[in-house]
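Accompanying notes for the structure given below.
The values are calculated or read from the model by the stated rules, or taken from the named source; none is laboratory data. A quick note: this is a predicted structure, and the numbers were derived from the prediction, not measured. For neighbour counting, all protein chains shown are included, and Cβ atoms are generated from backbone atoms with ideal geometry for every residue, glycine included. For the accessible areas, the whole protein counts, side chains as well, though only heavy atoms, and no ligand, DNA or RNA atoms are used. Shrake-Rupley method; radii C 1.70, N 1.55, O 1.52, S 1.80 Å.
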Amino acid sequence: MDSLQTFLDKVRAKNPNENEFLQAVEAVSSSLFPFIEQHPKYQRHKLLERMTEPERVVIFRVPWVNSKDEIEINRGYRVQMNSAIGPYKGGLRFRSSVTLSVLKFLAFEQTFKNSLTGLPMGGAKGGSDFDSKGRPDSEIMRFCQSFMTELCRYIGPDRDVPAGDIGVGGREIGYLFGQYKRLKGEFNGMLTGKGESFSGSLIRPEATGYGLVYFAEEMLKTRKEKLQGKTVTVSGSGNVAQYTVEKCLEYGAKVVTLSDSGGFVYDPKGIGKEKLQYIMNLKNGLRGSVREYAKKFDCDFVEGEHPWKIKCDIALPCATENELNAEDAKTLIANGCRCVAEGANMPSASEAIALFKESDILFGPGKAANAGGVAVSGLEMSQNSLRYSWSREEVDDRLKKIMKNIHEICVQYGKGENGYIDYKKGANIGGFVKVADAMIAQGIV
Ligand code: NDP
Ligand code: 2IT
């Protein structure tokens, strides 16, 4: 078996300039190498070498015609990373900054995350460098139709099941579903996050944010604390952030920030139910700026910055990767923050995570803390196979149990002799074991 350094050198040489992907691989393998060294049964099989090589990557042209009768060309992707434990599963991201490196990091993380849910789902991610901001629905529909015209060859309910991510919500999933059905003549569960009226699961829109808060509450419990009465900073203002705020309010916490690509708002009075409804109306569909919130509710908008300098007990990054760096971590720690749980994928830089650990702060990595979204996607797949739908209570109850179980797995593999729970280590090892066992059982494929 190669040393960690030799392994990483080879991955770097094979994937030059893929910074996000390399960052994720480094973070995961630094947890896994010591574990594999202690467990000889995982050593001969080149598992990490195989897990860092996607089973398949599809890159395709997405041509379409905009409202000014101009032709636009976007690039579409699907990274099918690992199918050891189930059909490929993972979201689609539509954003101008989408690259192969970003989607490879997300597909790699997804493999471990999906394993942690306990449901039979492999890892994948896809998307396009298309940005819907400022575009009419008719353009978004035409783009989605062109994207699906190619993607439909590679997906299916037993093959690969995409869902939403940044820039892809219920509207986009609806258009994508309609085009797949038309092309294939099949009404099936090839996408999750579908509308309630066409076999989507209840609670799927809420699931990532709700699951994050359930997970954070479990983390706090290990220190005999709870969310009630705590001050929380949240970044982002999209799907994950919105339902994170909703559940925080239900648990009696006070949320004082939200952000978007333009900056953040600080509302020391707290973002209550009505203000949250304003944010939902502002961001969903037309995708306005949170600057409007600051004007409407007479509070501060800080342009071009993240909310981590605001004093809080708990920080929940819910926007995007690398939005919380080492400086931010130092500020959070100095201001008395005691718990950071990631709603976004890889929002914290590696140096920030190391600082949290050094300072004995609870840190919940995305692959564990935000797994509620894909978990309810998995439950949507189950319901579609059954041709049946469960009630809100039933799905929410299953979601809670899954988040609790993921927390237990993190404790099982991450608790050190000094009692500190290293959730990053626990999630990486806990996610790895099931995929590794399945890969070994299935031979060299
Ligand atoms: P949305 O598109 O609904 O919202 C994204 C939010 O993040 C928006 O407020 C957006 O601002 C902001 N944002 C995006 N890029 C940047 C940036 N570079 N700097 C600052 N803000 C930015 O996406 P989601 O809420 O679905 O996704 C948020 C995060 O959660 C992502 O990391 C995603 O991978 C992760 N995630 C999502 C899941 C899901 O089920 N949707 C499941 C698990 C994780 P603006 O409005 O200005 O674009
Ligand atoms: O990052 C994620 O877990 C998601 N965007 C959700 C994926 C899914 O298939 O529901």
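Here are the numbers:
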| read-out | value |
| --- | --- |
| Residues whose placed amide H lies under 5 Å from that of Gly364, excluding near-sequence neighbours | Val340, Ala341, Glu342 |
| Solvent-accessible ranking of Asp9, Asp260, largest area first, probe 1.4 Å | Asp9, Asp260 |
| Rounded Å value of the spacing that divides the Cα centres of region 311-343 and region 189-265 | 16 |
| Mean-position separation - Cα centroids, region 412-445 and region 365-389, in angstrom | 21 |
| Accessible area (Å², 1.4 Å probe, nearest 10) - Asp360 | 80 |
| Surrounding net charge for Leu220, when Lys and Arg each add one and Asp and Glu each subtract one, Cβ distance under 9 Å | +3 |
| Surface accessible to a 1.4 Å probe, Asp298 within the full protein complex, Å² | 130 |
| Gain on full stretching of the segment that runs from Asn325 to Ser389 - 0.36 nm per residue minus C-alpha separation | 18.8 nm |
| Vicinal HN-Hα couplings computed from phi for region 117-134 (Karplus, 6.51 cos²θ - 1.76 cosθ + 1.60; Hz; Gly/Pro x) | 5, x, 9, x, 9, x, x, 7, 7, x, x, 7, 7, 8, 10, 7, 4, x |
| Label-to-label distance, nm, for residues given as Asp360 and Phe198 (7 Å Cα→Cβ offset) | 5.4 |
| Cβ-derived FRET efficiency at R0 41 Å, Gln412 paired with Ile73, nearest 0.05 | 0.25 |
| Glu246 - accessible surface, heavy atoms, 1.4 Å probe, Å² rounded to 10 | 60 |
| Cross-link reach list, lysines versus Lys309, counting only Cα pairs under 16 Å and skipping chain neighbours closer than eight places | Lys330 |
| Inter-centroid distance (Cα atoms) of region 62-91 relative to region 119-177, Å | 6 |
| Distance between modelled label sites at Lys273 and Lys133, nm, 7 Å Cα→Cβ extension | 3.2 |
| Gaussian network model of the chain, Cα within-10 Å springs - most flexible of Asn114, Asn82, Asn322 | Asn322 |
| Leu151, Leu386, reordered so the largest accessible area comes first (probe 1.4 Å) | Leu386, Leu151 |
| Calculated FRET efficiency for the pair Ala13/Lys41, C-beta based, R₀ 45 Å, to 0.05 | 0.95 |
| Cβ-defined net charge surrounding Ala319, 14 Å radius [Lys, Arg +1; Asp, Glu -1] | -3 |
| Cross-link partners of Lys273 among lysines (Cα-Cα below 21 Å; sequence separation of 8 or more within a chain) | Lys226, Lys230, Lys247, Lys254, Lys283, Lys295, Lys296 |
| Relative contact order of the chain, defined on C-alpha pairs under 8 angstrom at six or more residues apart (%) | 15 |
| Fraction of antiparallel bridges per DSSP, the chain only, in percent to nearest 5 | 60 |
| Under 13 Å from Lys367, Cα to Cα: aspartates and glutamates that are on another chain or at least 8 residues apart | Glu109, Glu321, Glu342 |
| Karplus-derived 3J(HN,Hα), 6.51/-1.76/1.60, for each residue of region 352-364, Hz, glycine and proline x | 5, 4, 4, 5, 4, 5, 4, 8, 6, 8, 5, 10, x |
| Computed FRET value (nearest 0.05) for Val445 with Val65, which takes r as the C-beta separation and R₀ as 35 Å | 0.25 |
| Rel. contact order, % - alpha carbon contacts under 8 angstrom, at least six apart, region 398-437 | 32 |
| Candidate residues Arg291, Arg135: accessible-area rank, largest first, probe 1.4 Å | Arg291, Arg135 |
